[in-house]
Amino acid sequence: MPILKIFVGTVYGGALDVAEQVKPLFEQAGYDVSIYDQPTLEDLLGSPTDLALFCTSTTGSGDYPGSLVPFTRALGEQSPSLAEVRYGLIALGDSSYGDTFCGAGRALDALLEDLGARRLGERLEIDAMETFMADDEALPWAEAWIAEENLQVA
Ligand SMILES: Cc1cc2nc3c(=O)[nH]c(=O)nc-3n(C[C@H](O)[C@H](O)[C@H](O)COP(=O)(O)O)c2cc1C
């Protein structure tokens, strides 16, 4: 069974909740799914990863949540080749923060791309000003992502 790893960056648990809500959709699509809420680079590269999904909120002024910092710092310091990595990205943010809206998700996306990873489809940005329950946007996005990128394996 192919392996899908969901890497979460969260402060208050919203992004983790999104990861837990979308997990069954990927299981139904034929994946063995694991959620990493304190991810390390070893989690991504130390064992096979057929597909990755990053799910992160933004804190501070466009900053990564603390739980994601070891992962992003290791990426920056080690600059591993991510040429084998295919991923999707869900960013949670709040447009009332202006220019730093979804700053962590956008920065992570750029970092992954710089290291050679290939994003499948468009990044989802969920705005807390518009969407009270992030799942309301994440679930249809995940369904469409699976269909449009032909990710179904079972
Ligand atoms: C102290 C603080 C700083 C924040 N800074 C930003 C920001 O710079 N940009 C943004 O888009 N959202 C920002 N947010 C909004 C959160 O990213 C948003 O509420 C998100 O849904 C929280 O998800 P979480 O529960 O997974 O942490 C901030 C929220 C807090 C409480």
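Figures for the structure shown
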quantity	calculated
Gyration tensor over alpha-carbon atoms, region 75-154, equivalent ellipsoid semi-axes in Å	23, 20, 7
The chain - charge dipole about Cα centre, Lys and Arg +1 at Cβ, Asp and Glu -1, debye rounded to 20	380 debye
Two-site label geometry, D32 and D99: point separation in nm, points 7 Å out along Cα→Cβ	4.6 nm
Value of relative contact order over the chain, rounded to a whole percent, pairs C-alpha under 8 Å and six or more apart	26 percent
Theoretical ellipticity at 222 nm over the chain - DSSP helices of four or more residues, -39500 (n - 2.57) apiece, nearest 500	-11000 deg cm²/dmol
Fraction of beta bridges assigned by DSSP in region 36-125 that are antiparallel (%, nearest 5)	10 percent
Accessible area of the chain belonging to carbon and sulfur atoms, whole % at 1.4 Å probe	47 percent
Alpha-carbon centroid distance for the pair region 51-104 / region 122-148, whole angstrom	16 Å
Å² of accessible area per residue within the chain, as computed with a 1.4 Å probe and no ligands counted	49 Å²
Of all DSSP beta bridges in the chain, antiparallel share, percent nearest 5	5 percent
Highest to lowest packing among 57-65, 86-94, scored as the average C-beta count within 10 Å	86-94, 57-65
Relative packing of 23-31, 75-83, which averages over residues the other C-beta atoms within 10 Å, highest first	23-31, 75-83
log10 of Debye I(q)/I(0), alpha-carbon scatterers only, for the chain at 0.13, 0.21 Å⁻¹	-0.53, -1.46
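The values are calculated or read from the model by the stated rules, or taken from the named source; none is laboratory data. These numbers were taken from a predicted model, which means no experiment stands behind them. Positions of Cβ are generated from backbone atoms using ideal geometry, with glycine treated the same way; all protein chains shown enter the neighbour counts. These area figures cover heavy atoms from the full protein model, side chains too; ligands, DNA and RNA do not enter into them. Shrake-Rupley method; radii C 1.70, N 1.55, O 1.52, S 1.80 Å.
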